[in-house]
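Worksheet: one structure, shown below.
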Amino acid sequence: MRTYRLLIVDDEPHVVDTMVSLLEAQPDLSLELYYAFSGQQAMDIMKNGKIDLLITDIQMPDMTGLELVDTVNRLWPLCKTIFLTAYSDFNYAYEAIQKHVVSYMLKSEDDDYIIREVRKTLTIIKDELNQRQALDQSGLLSSRSAQPVSRELFPHILMHSDLSVEQLRPMLSILGFHEPMNTLYLLYGIIRSNPEMNNKELNTETTFAVQDLFYYNMSCYLSHAVCELDEYGNLIWILQPDYSVLISDPTIQISGTLETVQSSCLTTAGIDISFVLSAPVRRLDLLAITFREMRSDALGKSGDEHPFIFT
C-alpha cells in the first residue's frame, strides 16, 4: 500500500492536535503525517520533502492559506489541498476553486465528514497516478524521438572522461541542452525484469512506458532531459532543471517526484523500477566520472529485494 504524505497547517494548536489524532486513528489510511502552526513552518517542511496532501487553515497571521497553496503548487504541482476554515464565505470558496483546491471544509464539520473528504482526496491522488499520458504532452525529448546522431553522442559524452568542457558544450547543445549548463543531473533507472528474462530483453513498450510516466510527472521541473538505454538494458537520463520554477533544492524536488514516478510505473504498468540520482554536476568535464560512480552504486544495489531511490 502506498503511503501518502499529509501536512496539516493551522495557527491554533488544538485544531492541529485534533486533526492529527483523528487521522492517526484511521487504521486503513497509510499516512505519513506532518504538521505546522504557521505558513512559514509549512514552507520549510514542503521545501524538504514531497507532500501529497495539504490541509490548511485560510486565515493565519503570517501567511494566508491562499498564499500557502500557491507555494505548494509551485513546489509539488501534483499535491492536492483541502482548506480548513472557520468561515463560511463564498469568496474564499471561489478563490479556492480557482487554485485547484479539491475541498473546502468548515472547522465545525464532524469527524465523519472530515474523514470522508480526506478519503475522497486520496482517491483522486491515486486515480491521477494511474492515468497514462501521451509523451508529447511533456514537450521534452525522449529516446522515442531521438535521432541516430543523438544516440551516438549520448554514450560518447558519458563514457569519455578525457573530454574537455569546450568539447562537451557543443555536444550537449546538439542533444538540446541550453546555456547555462552549470548544473546538470544524471539519473539511472533499473527495471526489475521477470526472473526468466534478463534486462537486455526488456521490450520497447516497457521502456517507453517508464519514459512516458517519467516525463509526465517530472516535466514541470525540467527545462530539458534526454534518455537512453545502456548495455545492461537500464535507463540513463541527463536532466537539466528549470530554475525558473524550482523554489527549493532541485535534488529534493526531483527525488520526491521520483517516488511518484516509481509508484505510477508499478500501479499503472506493473513495472518495478529503482532510481539512483547523482549529486548536481556543476562541471561538464565531470559528467563521465559522475556517471561511472553513480552506475557503480546503482548496480551494487540492483540486487535489493525492494525498489529503492538513492540520492
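Observations
- Applying a threshold of 25 Å to the alpha-carbon distances of K47/K126; K50/K120; K47/K107 flags K47/K107 as lying beyond it.
- Fraction of C-alpha pairs exceeding 20 angstrom in region 173-311: 44 percent, rounded to a whole number.
- Surface accessible to a 1.4 Å probe, R5 within the full protein complex, Å²: 50 Å²
- Largest accessible area first, the residues Y4, Y215 order themselves as Y4, Y215 under a 1.4 Å probe with ligands, DNA and RNA left out.
- Of the two radii for region 266-311, the radius of gyration is 1.08 times the Kirkwood radius, both from the alpha carbons; that is the Rg over Rh value.
- Part-to-part distance (alpha-carbon centres) for region 1-75 and region 155-175, which is given in Å: 44 Å
- Contact order normalised by residue count of region 166-311, Cα under 8 Å, 6+ apart, percent: 33 percent
- Calculated on alpha-carbon atoms, Rg and Dmax of region 13-86 in Å: 12.0, 35
- Amide H contacts of D272 (H built 1.01 Å from N, under 5 Å, at least 5 apart or other chain): R192
The values are calculated or read from the model by the stated rules, or taken from the named source; none is laboratory data. All of these numbers come straight from a predicted model, not from anything done at the bench. Side chains are part of the model used for accessible areas, which takes the heavy atoms of the whole protein and leaves out ligands, DNA and RNA. Shrake-Rupley method; radii C 1.70, N 1.55, O 1.52, S 1.80 Å.
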